[in-house]
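Just passing along the structure, written as structure tokens.
Nothing in this text is a laboratory measurement; each read-out follows from the coordinates by a stated rule. Note that the structure is predicted; figures quoted are calculated from it, not measured. Neighbour counts run over all protein chains shown; Cβ positions are idealised from the backbone, glycine included.
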Amino acid sequence: MDDDDFQPPEPIKGLPEMPPEGEKILWQGKPDWWRLALDALLVKWVAIYFALIAFWQGLAGWLNNDLGIAVASAVWLIGMGVVACAILAAIAWVQAWATVYTVTNRRIVMRIGAALTMALNLPYRWIGSASLQMRGGGTGTIALDLLGSTNFSYLMCWPHVRPWRMRKTQPALRCIPDAEHVARLIAQNAKAQVTVGVQATPDASAIAAE
């Protein structure tokens, strides 16, 4: 079974239509699902929460000299925590599986959405700046600050957004492998667009690493 068995027909995987003449695909990728689970769905913090509650319930039962209830409560809460983390991890896996990020010499395209698939087409002239936040293992997130009134729904784009930037949503290539390399590609080609005279403001080439 292939990824495309459940996706709308695409002339090129990740692109809603054939790229125009002269446009070249430089990189395609998708989020690392486990890093997405940790960063976007906060699996680690959910696990810690359930572990603390289980410890507290167990301690309370032990202090009340009712070891049976203490053990039963702790086991039940730990089981609930495992189920919750498994559900969140599954959501992260599905989101990563359904996602394709594409960087070309002219734009960034984000095919996102597990239940409702959509494609964000972001020409470099729309991008005022981009921020790179590195994580473990070389993965990182590249958030795109868009120029002018260009905006997207935070909820529709989640988790492919910079967290908590709701007033002005920043689409983001979340938790991608080799993020520094991808950031350099974006920086080089955004500058190239300005150099060749594509309609863009001078700020559209600014790529800042945070």
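For ILE25 and TRP45, compute 0.36 nm times the residue count separating them, minus their Cα-Cα distance, and round to one decimal in nm. Let's see the in-between values first.
On the way: separation 20, 0.36 × 20 = 7.20 nm, distance 3.73 nm.
Length gained, ILE25 through TRP45: 3.5 nm.
Under 22 Å from the Cα of LYS30, which lysines turn up, not counting those fewer than eight places away in the same chain?
Here the lysines satisfying the reach criterion relative to LYS30 are LYS13, LYS44.
Tell me, what ³J(HN,Hα) does each residue in segment 73-87 have, in order and in whole Hz, if you take phi through Karplus 6.51 cos²θ - 1.76 cosθ + 1.60 with θ = phi - 60° and put x for Gly and Pro?
Per residue, the Karplus-derived 3J(HN,Hα) values read 5, 5, 5, 4, 5, 5, x, 4, x, 4, 5, 4, 5, 5, 5 Hz.
Pairs of alpha-carbon atoms within less than 8 angstrom and 6+ residues apart define the contacts here; what relative contact order does segment 42-126 have, in percent?
Details: 88 pairs, mean separation 16.6, N = 85.
That works out to 20 percent.
Report the FRET efficiency, 1/(1 + (r/R0)^6), for LYS168 and ARG135, where r is their Cβ-Cβ distance and R0 is 25 Å, rounded to 0.05. Could the numbers behind the result be given before it?
Working: r = 23 Å, r/R0 = 0.94.
For R0 = 25 Å, the calculated efficiency reads 0.60.
Expressed in nm to one decimal, what extension gain is obtained for the pair VAL71 and ILE87 from 0.36 nm per residue of sequence separation less their Cα-Cα distance?
Working: separation 16, 0.36 × 16 = 5.76 nm, distance 2.44 nm.
Here the answer is 3.3 nm.
Please list the non-local residues whose amide H lies under 5 Å from the amide H of LEU146, H modeled 1.01 Å from N, same-chain partners needing a gap of 5 or more.
For LEU146, whose amide H was placed from the backbone, the distant partners under 5 Å are GLY128.
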